[in-house]
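Colleague: Structure below; questions to follow.
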Ligand code: F3S
């Protein structure tokens, strides 16, 4: 991993206040302050975390992988908003004090690492794969028109970072609520003309833990680092449920 060199230090510094908690050692969580040199205009929060881990405290735990806003693993709560640490530049926060906490509504494993099991269970439950129904044509491809493709394309970019899941207050109060990530990903298949399980998928969201429990708070839409619109998917799924009923 690239590491910030001491020789590149400037006078400027950024102060990271990081949520720390080791369930085996700590009675309760606390914030720990670290000083990180602000060496470049485009320094990211993730680079700051690596600096701390590699230079100041190698016991700091956090997740990251691609460093390109694609894997979704470095999602965390940064200065009041759920974001990806890899595509959040320190300069865009417009302060030299950065407070970082882990994703919400999931048990803490250590520091900024949470147990994503509740999130992945919901993802598994919604059957996040194509159910084509018909055998593959002899051509070997399930063709779509460009217009058909566009409908699913707008939803396909979800990176499963859980920013929307953590920002939703209904997810906080109702553990079985499927939540914005599930709705967006169900909508992705409901909108895909190659899928034949529309009724089954609509039944999943049309129950007490489904779309009708959404309070249209829009946090999910505001935090999505890929600019997707889970609340738009919720509205679309509600419409599809109603259309199905009156057909
Ligand atoms: Fe939650 Fe988004 Fe609805 S934040 S309440 S799922 S609009």
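Colleague: Take the residues in the range 222-237 that are touching a helix residue (DSSP H, G or I) at 6+ places or on another chain (Cβ under 7 Å) and more than 7 Å from the ligand (Cβ to nearest atom), then tell me which one is farthest from residue 192 (Cα to Cα). Full working, then the answer.
Modeller: Initially, the range 222-237 is screened for residues touching a helix residue (DSSP H, G or I) at 6+ places or on another chain (Cβ under 7 Å), giving 223-225, 228-231, 233-234, 236-237.
Still in the running and more than 7 Å from the ligand (Cβ to nearest atom): 223-225, 228-229, 233, 236-237.
On the way: 223: 25, 224: 22, 225: 23, 228: 17, 229: 17, 233: 13, 236: 13, 237: 13 Å.
Only one residue fits best here, namely 223.
Colleague: How many of the residues in the range 197-221 are in a helix (DSSP H, G or I), within 11 Å of the ligand (Cβ to nearest atom) and surrounded by fewer than 22 Cβ atoms within 10 Å (Cβ to Cβ)? Working first, answer last.
Modeller: First, pick out the residues of the range 197-221 that are in a helix (DSSP H, G or I): 198-205, 211-213, 219-221.
From the residues that got through so far, the ones that are within 11 Å of the ligand (Cβ to nearest atom) too are 211-213, 219-221.
Right, trim to surrounded by fewer than 22 Cβ atoms within 10 Å (Cβ to Cβ) and you get 212-213, 219, 221.
So the count comes out to 4.
Colleague: Moving to a separate point now. Does residue 182 qualify as being in contact with a strand residue (DSSP E or B) (Cβ under 6 Å, 6 or more places away or on another chain) and in a helix (DSSP H, G or I)? Quick ask: steps written out before the conclusion?
Modeller: Working: in contact with a strand residue (DSSP E or B) (Cβ under 6 Å, 6 or more places away or on another chain): no; in a helix (DSSP H, G or I): yes.
No: the conditions fail for residue 182.
Colleague: Quick check on my filter: what residues within the range 73-95 are closer than 16 Å to residue 158 by Cα and surrounded by fewer than 19 Cβ atoms within 10 Å (Cβ to Cβ)?
Modeller: Just the residues of the range 73-95 that are closer than 16 Å to residue 158 by Cα, to begin with: 73-75, 82-84, 87.
Within the range 73-95, 87 is the sole residue that qualifies.
Colleague: Would you point out which residue out of 173, 182, 145, 167 is within 14 Å of the chain's Cα centre (by Cα) and more than 23 Å from residue 100 (Cβ to Cβ)? Full working, then the answer.
Modeller: Numbers: 173 fails: within 14 Å of the chain's Cα centre (by Cα); 145 fails: within 14 Å of the chain's Cα centre (by Cα); 167 fails: more than 23 Å from residue 100 (Cβ to Cβ).
The unique qualifying residue is 182.
Colleague: Take residue 194 and tell me if it is touching a residue at least 40 places away in the same chain (Cβ under 8 Å) and surrounded by 12 or more Cβ atoms within 10 Å (Cβ to Cβ).
Modeller: Details: touching a residue at least 40 places away in the same chain (Cβ under 8 Å): yes; surrounded by 12 or more Cβ atoms within 10 Å (Cβ to Cβ): yes.
For residue 194, the condition - touching a residue at least 40 places away in the same chain (Cβ under 8 Å) and surrounded by 12 or more Cβ atoms within 10 Å (Cβ to Cβ) - is met.
Colleague: Right, another one. Pairs needed: first member in the range 218-244, at positive phi; second member anywhere, within 13 Å of the ligand (Cβ to nearest atom) and in a helix (DSSP H, G or I); C-beta distance under 7 Å; at least 6 residues apart or different chains.
Modeller: If the second residue must be within 13 Å of the ligand (Cβ to nearest atom) and in a helix (DSSP H, G or I), the pairs left are 218/231.
FYI, it's all coordinate maths here, none of it is from the lab. What you see is a predicted model, and the numbers here were worked out from it, not measured in a lab. Heads up, the Cβs are rebuilt from the backbone with ideal geometry, glycines too, and the neighbour counts pull from every protein chain shown.
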